[in-house]
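What follows is a short report on a single structure.
The values are calculated or read from the model by the stated rules, or taken from the named source; none is laboratory data. Since the model is a prediction, treat every value here as computed from it, not as a measurement. A quick note on method: Cβ atoms are made from the backbone with ideal geometry, for glycine too, and the neighbour counts reach across all protein chains shown. Heavy atoms of the whole protein, side chains included, go into the accessibility calculation; ligands, DNA and RNA do not. Shrake-Rupley method; radii C 1.70, N 1.55, O 1.52, S 1.80 Å.
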Amino acid sequence: PTQETCNSDDNCMFNVNTDLCTEDCPRVAFDDKISPEATCNATAQCVWMGDLGCTIQCSAAYIDQTSCDANSLCQWDRLRRQCAPQCNLAPAKDSCISNKMCEWKTGNASCVLQCAYRYPMQSQCAADSQCTWLTASAQCTSKCDATDATTCTADTTCQWQGSTSTCTNQCSSKCFTETCCKNAEGCMFDINNGQCRTTCSQLNRQACVNEVGMCSYNDVVGRCEMLCGITYNSTTTAAICNADTMCMYDTTNMVCDQRCISYATQGTCITMSMCKWDSDNNLCSRMCIYNTNSTTCTPDITCDWADSRSSPLCRSKCVYRYSEPTSCNGDGECMWDGSVTQCADKCQRLDEGHCRQQAMCMYDITQADPCRMACDYLSDQTSCISDTWCTWTASQSICTKSCPIITSQAACLQTGVCEWTYEKCQKKCSDRHTTLVSCNVDSNCQWNPYSNSCVNTCSKKTDGVACTADSMCEWVNSSSTCIKSCASISNADSCHTEANCMWSITDGICKTTCTQISLDTTCKTEAMCSWRGSGCEMLCKYQYGDKDSCNADLRCMYEAGNCAPSCSESPTEPTRLLS
């Protein structure tokens, strides 16, 4: 139906905003028997007005003077060109002064039209002792000339100035046009409702909070400030907005807004699209990505500036960027530090001081990237061997710091894959060689056929416990040395190369040479040996195979193709002719 048809029905009203015919306000409240007031105020174009119940909201229902004045509950605001409720309908002070056309008379507790609306002509204004004509704004206003605060504030259009002990007009009753308001000292024009208001800087906290859409209370500095969006309109450039120390340009919404530092609570802070809340310091600050230069980025301890990265150059530090390992390690700038269960900057991004403090990193000034991941944290062989400071231990599938790089014995032995020999750190034979050939070429190593691995030579072991713990070694008490165990040698050629060993032709095994036997009882049980005086010696026939060598030893003599004891020797070794 048309607007006229809709409004002609007593139970209907036309919604000018939606162009729809809906239930009128009294009917809306009548239908709700439980909470009619709440339902009324929640309905578009309706408002609950005390004894009158649910009535049409004049400002929302009418957009022209004719239709506004046709409703006896409404009146046309000629100064702001909008429809408003009749003043006498307001039952209390608050509802009265919320109507821009009205003022509250404390004396008789009544809501009446302000002087500006009662008297449009100067002559009419002058005839009322409670009104005065303002030449500058060419309008009638309340005469605020009381000499004490109580009398002054009894008129809701007046305010008491404590600093000067004078009663003056409130901005809302002093000016009714934007031009007048902007030229009036201590006033600002509220574009949201077309009313002149006291400027934000003069308001206390509660009054500031009440000025929704115009002012914001800065708890950090303890003052009320005009919203940057009001100070600077939509045509304002980012440069002009950011030049104001209390404002910042919102590049997402293309508006000038309050700087994050203005918000003192988490609740107000996180409502701003460009702000973040720092719980550790109870501080609201700009998200790192919105800091477009290092000057604003680096002072924020949660942000990090890097000229080398692609935009944005300012980003949150890794510790603030991620809270779990997968996303942390997936970022090329970050790594997960399991020791403290938090995300950290990758070693390559740290300076020397921070690098040396980070257990996951090592510092080498000779490299192009001096700070890099410590060997212990490289989990694959390729990454490990690509770093000259690291070595891969195949037997344990771990990466460790290269043994020669380590300069202290304690640190060397702590690795588990290195050993301290000749006052330097080197890799153990078992991790240095994996084949018999390469192992035996190394004079410090020997091949263990039983474990099929390369081990340290016995001579490297300096104590009896370590020596005897190795099945290939044996400890010599007389010289406090560790020698290779002859029993561990499986062939005659290898046996002959060891000075302390002899090959038993009768048993076909390698045995400890006679001179190494210290007990006569042990010596006498060995077929190749004979106890002579205070020591055990090899029998002549086993010691020498040729005449010259045999005769050169005064203990022996070559006879009938054999080396036998000389006649001067005691007959402990019988002479036997071999056919």
Cα-centre dipole for region 157-316 with unit charges at Cβ (Lys and Arg positive, Asp and Glu negative), debye to 20: 180
Accessible carbon and sulfur surface of the chain relative to its total accessible area, %, 1.4 Å: 51
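Which of rounded, prolate or oblate describes region 361-410 when judged by the alpha-carbon gyration tensor and an a/c cut-off of 1.5? Please list the in-between numbers first.
On the way: a/c = 2.09, a/b = 1.22, b/c = 1.71.
Here region 361-410 falls in the oblate category.
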Fully extended contour minus Cα-Cα distance, from ASN210 to SER294, at 0.36 nm per residue: 26.5 nm
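So if I place +1 on the C-beta of Lys and Arg and -1 on the C-beta of Asp and Glu, and nothing else carries charge, what would the dipole magnitude of the chain be about its Cα centre? I want it in debye, nearest 20.
Numbers: 41 positive and 64 negative charges, 168 e Å.
Dipole size: approximately 800 debye.
Given 0.36 nm per residue, what is the gain on full extension from SER443 to THR177 after removing their alpha carbon distance, in nm? Walk me through the numbers before you get to the answer.
Numbers: separation 266, 0.36 × 266 = 95.76 nm, distance 10.27 nm.
Between SER443 and THR177, full extension yields 85.5 nm more.
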Within region 405-482, chymotrypsin sites (Phe, Trp or Tyr not before Pro) in DSSP loop having at most 16 other beta-carbon neighbours inside 10 Å: TYR422, TYR450
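Might you tell me the accessible area per residue for region 341-461, computed with a 1.4 Å probe and given in Å²?
Numbers: 6860 Å² over 121 residues.
Spelled out: the 1.4 Å probe surface of region 341-461, per residue, equals 57 Å².
For region 57-125, state which trypsin sites (Lys or Arg not before Pro) are in a DSSP loop and have at most 14 other beta carbons lying within 10 Å of their beta carbon.
ARG78, ARG81
For LYS524 and ALA466, what is the calculated FRET efficiency with R₀ set at 41 Å and r taken between the beta-carbons, to the nearest 0.05? Could you put the intermediate results ahead of the total?
Values: r = 32 Å, r/R0 = 0.77.
It comes out at approximately 0.85.
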Taking the C-alpha atoms of region 196-329, convex hull volume expressed per residue in Å³: 127
Too-long pairs where the Cα-Cα distance tops 27 Å, listed order kept, from LYS401/LYS484; LYS424/LYS461; LYS401/LYS460; LYS100/LYS182; LYS317/LYS427: LYS401/LYS484; LYS317/LYS427
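Looking at the square roots a ≥ b ≥ c of the eigenvalues of the Cα gyration tensor of region 49-168, which shape do they give, rounded for a/c under 1.5, prolate if a/b is larger than b/c, or oblate? Intermediate values should be presented prior to the final figure.
Working: a/c = 2.47, a/b = 1.50, b/c = 1.65.
Because a/c hits 1.5 or more and a/b fails to exceed b/c, region 49-168 counts as oblate.
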Residues ALA238 and TYR377, FRET efficiency given R0 of 35 Å [Cβ-Cβ distance, rounded to 0.05]: 0.20
Region 457-538 shape via C-alpha gyration tensor axes, a/c threshold 1.5: oblate
Paramagnetic reach from ASP51 (point 7 Å along Cα→Cβ, amide N under 14 Å) across region 63-95: 88-92
Spacing of the two label points (7 Å from each Cα toward its C-beta) at ASN193 and LYS547, in nm: 13.7
Burial order of peptide ranges 322-334, 206-218 (average beta-carbon count within 10 Å, highest first): 206-218, 322-334
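Once the piece of chain linking ASN108 and ASN88 is laid out straight, how much longer is it, given 0.36 nm per residue of separation minus the C-alpha distance between them? Intermediate values should be presented prior to the final figure.
On the way: separation 20, 0.36 × 20 = 7.20 nm, distance 1.24 nm.
Between ASN108 and ASN88, full extension yields 6.0 nm more.
Two-decimal Rg/Rh of the chain from alpha-carbon positions, Kirkwood Rh? Numbers along the way, then the final one.
Values: Rg = 51.3 Å, Rh = 35.1 Å.
Result for the chain is an Rg/Rh of 1.46.
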Accessible solvent surface per residue of region 1-89, calculated while the other protein chains remain in place, 1.4 angstrom probe, Å²: 58
Point-charge dipole on Cβ atoms (K/R +1, D/E -1) for region 299-369, about Cα centre, debye to 20: 120
Listed residues THR298, SER310, SER279: farthest to the positive end of the dipole of region 277-333 (Cβ charges): SER310
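Express the Stokes-Einstein translational diffusion coefficient of region 1-77 in µm² s⁻¹, to the nearest whole number, given a Kirkwood radius over alpha-carbon pairs, 20 °C and a viscosity of 1.002 mPa s.
169
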Against the rule of thumb 2.2 N^0.38 Å, how large the Cα Rg of region 416-478 comes out: 1.10
